[in-house]
Amino acid sequence: MKHTSLLKRTAVLTAVALMLMPAGMPEAAARKRPKKNAEPVPVKVQTNDKGYYKDIWMDSGIGVSSRKDLPAARYLGLEIEALVTAPKKELSFVDTVVQNEVLLGNPLDENGILLYPDGAPRFRCIYMNGGNAQALSRPLGDRGRQIFKDFIHGGGSYVGSCAGAFFATQYKLMDDGVKDYGPNYIGIWPGVVRNSNVTDKRHGVRIEPGSPLLKYYDFGGDNYVAEVYHNGGCYGIVDTLWPAAGEVLARYDISMLDPQPKRKFDGTPVIWSVKEKEEWGRVISCGSHPEGATSGDRLHLMSAMLLYAMEGNAPAHTKGALVFGEPRRMDKATHDNDPAYTRIGDRQYHHFTVEVPAGIDTLNIQLSGVAAETDFDLYLFANPDDFAFRENARYQSISLGMKKNLAIPAPKPGTYYISVFCATTVTAIETDKGTRYMGRVDVLNGVPYEIKVWH
C-alpha cells in the first residue's frame, strides 16, 4: 500500500452501521400454551462469502423505530450495519441530510450505501423496522424508493416488520373497498394488505404446515409462537391479487385477545413471502414485531425470517465472456449506466467466462490496474466448470496490489470461470449514534481494472 496516498484520502462518510444496544421492546411471559423452552444450537450460517460487503443493512431511519440492535442478527453471527436517525420527536434537518447522503449518494459514494457501483446489492438483505410507512417513504422520494426496488431486482433480499410490510406492498385495502395505493408503497410485495386496527397487543403465531421457516427451527415442537407483539400492523389478503409465487409462512392466532377486535383477521397471514424471479431477491413481510426478541421461539421466528430471506438471494452471474488476446477494461462509473463494464466495489466479485479449446499448453490470465493510483488489493480466482470463489477456486492469486498473473498449465477444454475480488474496503467506526466510514472511502465509487486472457 502507498501509505501517504492512503492518508491523503482518509475521510469520514456520514454513514451507518451496527449498534450493539439492547432492544427496547419488552417481552411478556407467555400467557397461553405453556411449553418447554429448550434453546437449540443456532443454525450455522455461512456469512458474507459470495461477494457482498456485509449481510444485513437495517433501516432505523426517518419514520421508523430508531432501533440500534437486531438480536437475531447477533444470534446468527451476521455482519450488520444500520442507518439510525433520531426518534420522531427529536428529528432535525440534519437527520434528513444524513439519510439522503447514505441512501441517495454523495461525492464519496455516488451510488449510495445499498448498491455497488454497477447497481448490484451491496448487502445480502435489508431489514426494515416498524413505524409509519408514509413517514418512512415520503422523505425518500421517487429516487430513494427506486433504490429499494433496484436492490431487490438486483438479487438482494428484504424483511420488513409492520411499517416495513406496508412499505413493501402494492396497496392497502380500506374498509370501504377503496384501494389505497398512495405514492409511498413500492410494490416489491405485489399483493395486498389490510390494517388490523389493533395496537399494543400480543398474539399467537401458527407456523403454516410445510412452511420454509421450519427448515431452521421446530418452535418447541408444536409449530406455535406465543406472545408476539403487535402494534397497528397489517395482514396479508389471500383472495385479492395474491401473487402466483406468494407463500404464507405463518398465520395469526388472535383467540387470546381480550376484547376481541372488531376486524376478524384470525387465521390470516402474519408472515408471507415472494420471490418472483430467480435473478431477484426474496421479500418477506411480517405484520407484527418479533424483531426485539432476545430468547425463545420469538427469537427463532425472527432468525428464521432472516435466514429464509438470504437463502433467496439471486445466484451468481457473469459480466460476460472474455476473448483471447482482447483486454476487457472495467472502468465505467455508476453514472455511465454500463454495468457490464463498471468498476468493482468493496468485497464484491466480478465473474467472467472464457471458452478454452482443446490442445493449448497454458491458459494465461492477467489482471492489472488502469488508473494512475493502483494501491488497491484485488484478488484473482479461476475454476473449470463452476463459479470461482475464494473458498472453492482451484487457481488463485491473492498477493497484495492489483497486478496478478495466473498460468494454468494444460487446461482441460471447456468453460473456465474467472473472478476478480476486491479485498480493499472501508473502515467502519462504531459510535453511540451509528458508524462512520473512514480510511479507504475511495473504494465506494469503485476500483477500475483490466483483465486479459491468452494462450
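Read-outs throughout are calculated quantities, based only on the coordinates presented, and are distinct from any laboratory measurement. From a predicted model like this one, the values you see are computed outputs, not experimental measurements. All Cβ positions, even for glycine, are placed from backbone atoms using ideal geometry, and neighbour counts span all protein chains on display.
Distance cut-off 25 Å, Cα to Cα: go down the list LYS88/LYS201; LYS50/LYS319; LYS54/LYS277; LYS149/LYS452 and report the pairs above it. All intermediate terms of the calculation are to be shown ahead of the outcome.
Working: LYS88/LYS201 22 Å; LYS50/LYS319 15 Å; LYS54/LYS277 23 Å; LYS149/LYS452 34 Å.
Listed pairs above 25 Å: LYS149/LYS452.
Our summary gives the range 160-282 a relative contact order of 25 percent, counting only alpha carbon pairs under 8 angstrom and 6 or more residues apart.
For the ranges 281-288, 114-121, what's the packing order if you count other beta-carbon atoms within 10 Å of each residue, average per peptide, and put the highest first? Walk me through the numbers before you get to the answer.
Working: 281-288: 28.9, 114-121: 23.8.
Taking the mean over residues of other Cβ atoms within 10 Å, the ranking is 281-288, 114-121.
Counting only other residues whose beta carbon sits under 14 Å from that of GLY154, what net charge do I get with K and R as +1, D and E as -1? Overall, the nearby charge balance is +3. With coordinates expressed along the principal axes, the C-alpha atoms belonging to the range 336-404 extend over 38, 29, 24 Å, beginning with the largest. When ARG122, ARG251 are sorted by how many other C-beta atoms sit within 10 angstrom of their C-beta, beginning with the fewest, the order is ARG251, ARG122.
Among residues other than LEU367 whose Cβ falls under 13 Å from its Cβ, what is the net charge (Lys/Arg +1, Asp/Glu -1)?
Numbers: positive: ARG328, ARG329, LYS403, LYS404, LYS452; negative: ASP377, GLU450.
That sum, taken over residues with Cβ under 13 Å, equals +3.
Fewest Cβ neighbours within 10 Å first, please rank LYS277, LYS404 accordingly.
Working: LYS277 11, LYS404 20.
Fewest-to-most Cβ neighbours within 10 Å comes out as LYS277, LYS404.
Along its first, second and third principal axes, ordered by size, the range 320-454 spans 60, 31, 23 Å in Cα coordinates.
Residues of the range 349-373 falling in the label zone of TRP454, defined by backbone nitrogen less than 15 Å from a point 7 Å along Cα to beta-carbon, are 361-368.
Need one number: % antiparallel among DSSP beta bridges in the chain, to the nearest 5. Kindly include the intermediate steps, with their values, before the conclusion.
Numbers: 68 of 91 bridges.
Here the share of antiparallel DSSP bridges comes out near 75 percent.
Ranked by how many other Cβ atoms sit within 10 Å of their own Cβ, fewest first, the residues LEU78, LEU378 fall in the order LEU78, LEU378. In whole Å, how far is the Cα centre of the range 180-206 from that of the range 47-115? Their Cα centres are 22 Å away from one another.
Determine one quarter of the surface area of the Cα convex hull of the range 248-357, which equals its mean projected area, and express it in nm² to one decimal.
On the way: hull surface 49.2 nm².
Its Cα hull, projected and averaged over all orientations, spans 12.3 nm².
Each other residue within a Cβ distance under 9 Å of ASN313 adds +1 if Lys or Arg and -1 if Asp or Glu, for a net charge of +2.
Given a Förster distance of 56 angstrom, what is the FRET efficiency for ALA423 paired with LEU257, based on the Cβ-Cβ distance and rounded to 0.05?
Details: r = 53 Å, r/R0 = 0.94.
That gives a FRET efficiency of 0.60.
Taken over the range 393-433, the convex hull of the Cα atoms encloses 109 Å³ per residue. Our helix-only sum for the chain, with -39,500 (n - 2.57) per DSSP H run of n ≥ 4 divided by its residues, gives a mean residue ellipticity at 222 nm of -4000 deg cm²/dmol.
Rounded to the nearest 0.05, what FRET efficiency do VAL238 and GLU430 give with R0 = 51 Å and r taken as the Cβ-Cβ distance? Could you check?
Working: r = 43 Å, r/R0 = 0.84.
Once rounded, the FRET efficiency stands at 0.75.
Comparing Cα centroids, the range 378-395 and the range 208-285 end up 40 angstrom apart.
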